[in-house]
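Only the coordinates and a few stated rules stand behind these numbers; no lab work does. Everything numeric here is computed off the predicted structure, so don't read it as measured data. All Cβ positions, even for glycine, are placed from backbone atoms using ideal geometry, and neighbour counts span all protein chains on display.
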């Protein structure tokens, strides 16, 4: 797997969580390029192109999407829904990485087709450990379907 051709899309509006996530992925040995979208609209533009007509066809689809729920502009549920309803993106593994542990958020995420739901631990070492495990599994161990790509 070529890390440059199989990027990870991190959708995160909190700069501290962004930095910790990038550090944890690097620490886990994940060499994939990580593209960061800081709101839901930016994530949709990356995946589907911008409203101005700029196509996303030129860039490779991510091998994994780490998606926060509480995002500005377009929330994580709306992003997930669009990913799952679009033929080109519906097989991309999506992991919700959020501070919410509300049962309704967990249920809705799975109803919309998320692959995994991880609550961000509050403590630094636990946060890094959780992201490290997510990266190891979804990027290095999981055999993803490339159907529809």
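Quick notes on this one:
- Estimated translational diffusion coefficient (Stokes-Einstein, Kirkwood radius over Cα pairs, 25 °C, 0.890 mPa s) of the stretch 8-140: 166 µm² per second.
- Pairwise FRET efficiency - residue 73 versus residue 110, Cβ, R0 = 25 Å, nearest 0.05: 0.55
- The residue 124 and residue 88 beta-carbon pair, evaluated with R₀ = 41 Å, returns a calculated FRET efficiency of approximately 0.65.
- For 30, 128, the sequence from fewest to most other C-beta atoms within 10 Å is 128, 30.
- The protection proxy used here, the mean number of other Cβ atoms lying within 10 Å of each residue, ranks peptides 35-41, 59-65 as follows, highest first: 59-65, 35-41.
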